[in-house]
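Below is one structure, written out as structure tokens; the observations come after it.
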Amino acid sequence: MKPPLLLHICCAPDEAWVVNTLNDAYSLHCYFCNPNISPEGEYRLRLAEAQRVALHFNVPFTADTYDPVSWETAIAPFAVTPEGGERCRRCFALRLWRSARFCADIGFPAFTTVMSISPHKRITMLNEAGESAAAAFKVIYRRFDFKKRDGFKKSVTLGRKLGLYRQDYCGCRLSRDERDERLHLKTSRRS
Ligand code: SF4
């Protein structure tokens with residue numbers, strides 16, 4: 001029998017590659033838990049795409065309730081920090097804490113997150129957040145680094161093949177503003 005593993009999902013392309021990689025070894029359950037995503041329309045779009053991937057691979061899927069206030073509260077003291085800093089640490093901690101709680105609720109012994117596939121996310125920060133959440137709910141956080149062996153590139157390729165939506169900002173309103181600034185800078189350099 002395959003060991004159960006709860007998979008925290010942030011978006012469909014990352015989910016697709018990780019499910020494709022782990023499905024033979026684990027009995028997976030996907031958990032979409034992203035109170036960080038803004039605006040709500042973007043949240044609904046990413047959720048629908050993530051559901052589509054779970055259906056494609058025939059993996060059970062659950063979505064957390066959309067609770068953007070919890071994210072605003074968690075990052076409030078660090079809202080001015082750039083992507084990759086303390087606000088992301090708080091964001092990871094919140095999402096993985098909620099995932100660990102769900103993992104314990106459904107009686108799964110272990111969980112992990114697909115977020116390590118992103119070259120923009122610090123693996124040490126992710127692992128610390130996962131382990132501290134796991135300890136709080138007496139479950140195990142499994143350390144993976146899905147970006148290894150060209151994981152990110154492969155997720156892009158598989159996402160294209162499945163026709164999945166791929167976002168161009170991490171998820172929160174601050175990362176969206178940062179994306180807008182980058183685009184603005186690029187355009188003004190050209191003109
Ligand atoms: S940039 Fe991404 S990880 Fe960092 S706070 Fe925003 S949504 Fe969370």
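The values are calculated or read from the model by the stated rules, or taken from the named source; none is laboratory data. All values reported here derive from a predicted model rather than from experimental measurement. Calculation scope for accessible area: heavy atoms of the full protein, side chains included, ligands and nucleic acids excluded. Shrake-Rupley method; radii C 1.70, N 1.55, O 1.52, S 1.80 Å.
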Vicinal HN-Hα couplings computed from phi for region 31-37 (Karplus, 6.51 cos²θ - 1.76 cosθ + 1.60; Hz; Gly/Pro x): 10, 8, 9, 8, x, 6, 6
Can you work out the accessible area per residue across region 4-190, with the rest of the protein chains kept in place, probe 1.4 Å, in square angstrom? 49
Using only the alpha-carbon atoms of region 151-191, report the extent along each of the three principal axes, biggest first, to the nearest angstrom. 35, 25, 18
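Compute the Cα gyration tensor for region 4-190, then decide on rounded, prolate or oblate, letting a ≥ b ≥ c be the square roots of its eigenvalues: rounded whenever a/c is under 1.5, prolate when a/b is larger than b/c in the other cases, and oblate in all that remain.
In terms of gyration-tensor shape, oblate.
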Nearest-ten-degree value, helix 40-57 long axis tilted from longest Cα axis of the chain: 40
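Apply the Kirkwood formula to region 87-179: the hydrodynamic radius equals the inverse of the mean of 1/r over all pairs of different alpha-carbon atoms; give it in Å with one decimal.
Details: mean 1/r = 0.0697 Å⁻¹.
Its Kirkwood hydrodynamic radius stands at 14.3 Å.
What percentage of the solvent-accessible surface of the chain, computed with a 1.4 Å probe over protein heavy atoms, is contributed by carbon and sulfur atoms? Mind showing how you got there, number by number?
Values: 5390 of 9730 Å².
The C+S portion of the solvent-accessible surface of the chain is 55 percent.
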How far is helix 173-190 tilted off the main Cα axis of the chain, in degrees rounded to 10, range 0 to 90? 40
